[in-house]
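Engineer: Just dropping this structure here.
Nothing in this text is a laboratory measurement; each read-out follows from the coordinates by a stated rule. These numbers were taken from a predicted model, which means no experiment stands behind them. As a convention, Cβ positions derive from the backbone with ideal geometry for all residues, glycine included, and neighbour counts pool all protein chains shown.
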Amino acid sequence: MDLEKELEHFRLALNSKKIKILELPQMSQSSWIIEMENIWHFQRREKPNESAEIKEDENDNEDADKSGLQKAYLDYKSVQLYFDTAIKWMQSENDAAIFKYAIKTIGSQELSDNARKYTIKTMLHFAYIYPYLIRVLDEYVFEKLMTGSERADEVKKFTDSIFDKMVNVNCYEGVAYCLYFSLK
C-alpha cells in the first residue's frame, strides 16, 4: 500500500521535509542518547575515600560505600569524550538541542577539578556560538559548577564578551540574560 496514493483519495499530501517514514520496530531512545549515556556508565572513576576503613555502624559519609570508595566521578578525558560525542551527534543530526542535553546532564555529575574547568570553558564557548544555550547557563553552569568568587569573575567575563554580540545580532533574549547575570 502506497501512503501517498491513499492520501490522494482524501485530497491530502505528504510534506517530505517534515515526515519521515521508518520501519518498525524502533528503539525507545535515540541512538545519540544511548551512546552519550554509555559514556557515563563506562567512563566513571572511583574516588578513594580519605579513610579506607569504614565501620558499618557509622553513616557519617553518605557518599561512601562499604569498600571505602566514594561515589564515582568523571575525569577530564571522560568529559572531553562526552563533549566530542555530543558535537559529533549534533553535527550528524543537525540538531543543536543535543548540546543542550549535554549541558543539562553533565551539570548533575561529579567531576574532577580539571574536568569541571574544562566543562565550564566548553559550555561558555558553546553558549557564545549558540546564544539560545545562554538560558541554561545559570542553572547548570554558574550555580552547579562554580564557587562564589569564581562565579562572579566568570559571569562578568562572559557577559562582557557576549553583550555586544547579542546587541549586534538583535538577540534580545541574550541581551536580557546578560543584564540578568550582571544584576545577580
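Engineer: If ALA115 satisfies every condition in (1) within 29 Å of TYR73 (Cα to Cα); (2) in contact with a Cys (Cβ under 6 Å, 6 or more places away or on another chain) but one, which is the exception?
Structural biologist: Going through the list (1) within 29 Å of TYR73 (Cα to Cα); (2) in contact with a Cys (Cβ under 6 Å, 6 or more places away or on another chain), ALA115 breaks only (2).
Engineer: Any idea how many residues of the stretch 135-161 are within 23 Å of ALA97 (Cα to Cα) and free of Cβ contacts under 8 Å to residues at least 12 places away in the same chain?
Structural biologist: Total satisfying the criteria: 1.
Engineer: Of everything in the stretch 74-100, what is more than 22 Å from GLU154 (Cα to Cα), surrounded by fewer than 18 Cβ atoms within 10 Å (Cβ to Cβ) and not acidic (Asp, Glu)? Give them in sequence order.
Structural biologist: Scanning the stretch 74-100 gives LYS77, LEU81, THR85, ILE87, LYS88, GLN91, SER92, ASN94, ALA96, ALA97.
Engineer: Out of all the residues in the stretch 119-126, is one or more touching a strand residue (DSSP E or B) at 6+ places or on another chain (Cβ under 8 Å), in contact (Cβ under 8 Å) with a residue 12 or more places away in the chain and among the β-branched types (Val, Ile, Thr)?
Structural biologist: Yes, the stretch 119-126 has at least one match.
Engineer: May I ask you to say which residue of LEU133, LEU145, LEU183, LEU137 is of a type outside the set (Gly, Ala, Ser) and either surrounded by fewer than 18 Cβ atoms within 10 Å (Cβ to Cβ) or over 22 Å from the mean Cα position of the chain (by Cα) (or both)?
Structural biologist: Exactly one of LEU133, LEU145, LEU183, LEU137 is of a type outside the set (Gly, Ala, Ser) and either surrounded by fewer than 18 Cβ atoms within 10 Å (Cβ to Cβ) or over 22 Å from the mean Cα position of the chain (by Cα) (or both), namely LEU183.
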